[in-house]
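None of the figures in this text is laboratory data; all of them are computed from the coordinates on show. The structure displayed is predicted, hence computed values, not measured ones. In this analysis, Cβ positions are derived from the backbone assuming ideal geometry, glycine residues included, and neighbour counts consider all displayed protein chains.
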Amino acid sequence: MSKQPARARKVDARDFLGLDAKLSPEERLIRDTVRSFVADRVLPEVAEWFEAGTFPKEMAKEMGALGLLGMHLEGYGCAGTNAVSYGLACTELEAGDSSARSFVSVQGSLVMFPILTYGSDAQKQEWLPAMARGDAIGCFGLTEPDSGSDPASMRTAAKRDGDDWVLNGSKMWITNGGIADVAVVWAQTDDGIRGFIVPTTTKGFTAHDIHKKLSMRASITSELVFDDVRLPADAVLPGVRGLRGPLSCLTEARFGILFGVVGAARACYEAALDYAVTRDQFGGPIGRFQLTQRKLVDMLIGVNHGALLALHLGRMKDEGTLEPAQVSFGKLDNVRMALGVAREARSILGANGITLEYPVIRHMNNLESVYTLEGTNEIHTLVLGQAITGLNAFT
Amino acid sequence: MRIAVCVKQIPDPAAPYELDPETHFVVRPEDQVLDDTDRYGVEVALQLAEAAGDDASVTLVSMSPSGSLQGIRQALAMGADKAVIVDDASLRGADALTTSRVIAAAIGREGYDVVVAGTESTDGYTGVVPQQIAEVLGAPSLTFARKVEAVDGKIRIERQTQAGYDVVEAAPPVLLTVTSGAVEPRYPTFKGIMQAKQKPIDTLTCTDLGVTADNQQVITSVDPVPARQAGEIVEDEGEGHLRIVAMLEEAKVI
């Protein structure tokens with residue numbers, strides 16, 4: 001049969017700008033696969049995980065079997081997809097919950113990425129295949145109780161003792177800390193900041209989970225404590241010195257976030273849209289009110305702006321032209337957008353908007369964390385300010 | 001073991017179907033998706049191939065305008081080895097018998113030990129193509145399998161019946177149809193999706209297969225489904241259940 005022209009489509013409330021057509025068949029298939037996985041495995045249970053404050057560790061293996069862990073990395077059992085596919089997977093995961101995206105970001109971008117980029121061959125062989133399968137879970141130790149936006153002020157330090165290193169200090173707000181098999185820990189040394197691969201079974205290593213969170217509740221967040229943790233000489237990542245190491249990891253993770261939060265925002269928008277056309281007040285659906293339509297349209301525009309921005313930056317990353325300041329642009333604006341959309345959606349859902357029966361308050365609370373983590377909104381503002389003026393406002 | 005799986009690319013069922021006003025055929029967009037019921041057939045085929053060992057192969061066989069091949073790639077990404085697509089303008093709107101002859105010819109050309117199909121397509125719903133393929137191939141058909149296994153060189157299935165199930169078996173070459181829910185179809189893995197790009201997809205025409213589309217049935221007219229009638233509301237004043245039982249008896253459902 002001859003090829004027929006694509007069916008004329010009416011405007012789709014869920015893909016208003018027709019971005020689907022800008023994706024390759026593989027990108028769409030990866031996106032659809034993650035969407036099915038999230039619908040089957042995350043959405044039915046995530047409200048319970050959030051309420052109970054847990055993340056089921058067995059998800060790691062399921063995500064590994066799918067190929068989500070380190071999916072955009074090459075070799076060592078990783079799928080080797082392009083950056084846009086990784087971004088689209090993040091969008092779908094975060095449409096489920098920021099914790100699912102966060103798990104994948106930490107594993108792939110913050111732990112596997114530095115091991116692949118800066119690690120020795122032995123380090124790669126030891127950790128990457130197991131992490132890609134989800135048999136080993138990683139965490140990333142940079143932030144400290146007194147060292148957040150200013151990581152150069154970190155106190156955790158590793159000192160030489162013969163050939164060994166001895167690590168002391170602590171790290172705070174560490175995603176997956178309490179369930180991790182391995183930590184990539186950044187520490188001061190006589191040779192500047194270096195990265196260390198620390199198996200969590202090493203004597204002197206302890207992790208304490210942080211409770212009483214009201215955000216990212218379906219994610220494990222921990223404090224890591226190093227009390228004379230003795231590491232062999234080959235625990236250090238040989239390929240990088242200085243803050244460039246951890247900052248390059250954060251740029252990778254921010255890339256996942258700028259795609260991911262589009263998913264959280266989309267989930268809130270869709271929940272609000274469904275609610276607005278089915279919730280009757282004053283004799284008809286509230287979606288007929290001008291005030292509600294204004295909110296829905298603002299959300300629609302925000303979500304689609306965010307998706308366009310993410311896709312554009314993703315294409316640049318695949319071309320190899322993406323600059324860290326452009327990633328800051330995406331992280332800053334898309335998280336700000338997503339948080340605004342979540343709050344607006346909550347107002348459309350009224351009282352129902354505050355329950356875990358609907359996804360909105362969960363996303364809204366999660367996004368408060370995402371607003372701050374991997375570079376606060378304020379820090380990214382200053383990164384952009386410096387990029388366009390050449391003037392440094394940090395010091 | 002050479003396993004052929006019948007799969008079909010269909011318009012996305014999430015979007016309303018459009019019919020061509022002259023031919024009454026479904027308008028097929030460039031992007032078609034894998035019929036969801038076919039995922040079960042693909043999964044059964046992959047499981048049979050995995051149990052059979054390394055020299056087993058799974059070949060997808062499909063007749064449709066190839067379009068973007070999105071649906072075929074999805075099945076390849078699940079793990080099938082190759083695909084054979086029959087794409088020929090003369091087959092537009094092909095009826096069930098023509099479809100069966102064409103697909104049987106494509107399967108026969110490839111060679112097979114086992115043919116796996118779903119029970120019916122989600123766009124056409126004739127439900128007779130697999131059995132007709134078996135007839136054209138001269139192979140026994142084991143239909144409505146809710147469980148499939150290879151035992152002692154035979155394919156044994158549990159055949160879903162209204163009362164329960166029958167256990168039936170046949171030695172290859174054999175065709176079987178698989179009910180939705182018989183197995184849990186795997187997700188395509190990302191490695192599978194990346195590898196699917198490299199897997200061979202052969203496109204054949206009627207001439208390649210030596211078949212022609214003659215004596216096709218013609219759809220003379222199409223009528224919309226009648227609008228649903230409003231239901232009856234039973235006011236319960238203590239005896240509502242009797243009225244409901246009476247209604248269910250009238251409807252012959254109890």
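Mind listing P(r) for the range B:164-254? All alpha-carbon pairs, 5 Å bins, whole percents.
Pair shares across the bins are 2, 6, 6, 7, 8, 10, 12, 14, 10, 7, 7, 5, 3, 1, 0.
Modelling each spin label as a point 7 Å along the Cα-to-Cβ direction, I'd like the B:A227/A:D164 distance in nm, to one decimal.
Label at B:A227, label at A:D164, 8.4 nm between them.
Convert 20 °C to kelvin, take the viscosity as 1.002 mPa s, use the Kirkwood radius over C-alpha pairs of the protein assembly as shown as Rh, and evaluate the Stokes-Einstein diffusion coefficient in µm²/s, rounded to a whole number.
Approximately 77 µm²/s, per Stokes-Einstein.
Over chain A, calculate the relative contact order: mean separation of alpha carbon pairs under 8 Å at least 6 apart, over the residue count, as a percent. Don't skip to the answer; put the middle values down first.
Working: 716 pairs, mean separation 66.5, N = 395.
Averaging sequence separation for qualifying contacts and normalising by length gives 17 percent for chain A.
Taking the mean number of other Cβ atoms within 10 Å as a proxy for protection, how do you rank A:14-24, A:227-237, A:68-78, B:68-78 from highest to lowest?
Details: A:14-24: 13.1, A:227-237: 16.5, A:68-78: 22.6, B:68-78: 24.3.
Ranked by mean Cβ neighbours within 10 Å, highest first: B:68-78, A:68-78, A:227-237, A:14-24.
Largest first and in whole Å, give the semi-axes of the range A:244-389's equivalent ellipsoid, each being the square root of 5 times a Cα gyration tensor eigenvalue.
For the range A:244-389, the semi-axes come out at 33, 14, 12 Å.
Take chain A, connect every pair of alpha-carbon atoms lying under 10 Å apart with a spring to form a Gaussian network, then pick out the residue of A:R279, A:R133, A:R155 with the largest mean-square fluctuation.
Evaluated over chain A, the most mobile residue of the options is A:R279.
Helix-only estimate, please: 222 nm mean residue ellipticity of chain A, summing -39500 (n - 2.57) across DSSP H runs of length 4 or more and dividing by its residues, to the nearest 500.
Roughly -15500 deg cm²/dmol at 222 nm, from the helical runs in chain A.
When only C-alpha pairs under 8 Å and at least 6 residues apart count, what is the relative contact order of the range A:244-389, in percent?
32 percent
Enter the mean projected area of the convex hull around the alpha-carbon atoms of chain B, in nm², rounded to one decimal.
Average of the hull's projected areas for chain B equals 17.6 nm².
Relative contact order of chain B, please, whole-number percent, based on alpha carbon pairs below 8 angstrom and at least 6 residues apart.
22 percent
Could you give the nm distance between label points at B:A15 and A:L391, where each point is 7 Å from its Cα heading toward the beta carbon?
5.2 nm
Using the Kirkwood radius over C-alpha pairs as Rh, can you work out the diffusion coefficient of the range A:79-125 via Stokes-Einstein at 37 °C, viscosity 0.692 mPa s, in µm² per second? Please report the intermediate quantities before stating the final value.
Working: Rh = 11.5 Å.
Here the translational diffusion coefficient equals 285 µm²/s.
Relative to the present Cα-Cα distance, how much length would full extension add between A:D12 and A:E378 at 0.36 nm per residue of separation?
Length gained between A:D12 and A:E378: 128.2 nm.
Within 10 Å of each residue's Cβ, count the other Cβ atoms and sort A:C268, A:C139 from fewest upward.
Values: A:C268 34, A:C139 28.
Exposure proxy ranking, most exposed first: A:C139, A:C268.
According to the Kirkwood expression over distinct Cα-Cα pairs, how big is the hydrodynamic radius of the range A:19-133, in Å?
Result for the range A:19-133 stands at 14.5 Å.
If the limit is 31 Å between Cα atoms, which of A:K57/A:K124; A:K61/B:K199; B:K82/B:K154; A:K57/B:K82; A:K317/B:K191 go over it? All intermediate terms of the calculation are to be shown ahead of the outcome.
Numbers: A:K57/A:K124 23 Å; A:K61/B:K199 27 Å; B:K82/B:K154 24 Å; A:K57/B:K82 36 Å; A:K317/B:K191 21 Å.
From the list (A:K57/A:K124; A:K61/B:K199; B:K82/B:K154; A:K57/B:K82; A:K317/B:K191), the Cα-Cα distance tops 31 Å for A:K57/B:K82.
Three principal axis extents, largest first, for the C-alpha atoms of the range A:138-235, in Å?
45, 29, 17
What nm distance separates the two modelled labels at B:E250 and A:L214, each placed 7 Å from Cα along Cα→Cβ?
My value for the distance between the label points is 5.7 nm.
Assuming 0.890 mPa s and 25 °C, estimate D for the range B:46-157 with Stokes-Einstein, Rh taken as the Kirkwood radius over Cα pairs, in µm²/s.
162 µm²/s
Using a ≥ b ≥ c from the Cα gyration tensor of the range B:51-90 (square roots of the eigenvalues), is it rounded, prolate or oblate, where a/c under 1.5 gives rounded and otherwise the larger of a/b and b/c decides, a/b for prolate?
Oblate is the answer for the range B:51-90, as a/c is 1.5 or above yet b/c matches or exceeds a/b.
Taking every residue in A:22-30, how many Cβ atoms of other protein chains lie within 10 Å of its Cβ, on average?
5
Starting from the range B:180-254, pick out the trypsin sites (Lys or Arg not before Pro) whose DSSP state is loop and whose Cβ has at most 11 other Cβ atoms within 10 Å.
Working: sites: B:R186, B:K191, B:K197, B:R228, B:R243, B:K252; in loops: B:R186, B:K197, B:R228, B:K252.
When the trypsin sites (Lys or Arg not before Pro) of the range B:180-254 are filtered for loop state and at most 11 Cβ neighbours within 10 Å, B:R228, B:K252 remain.
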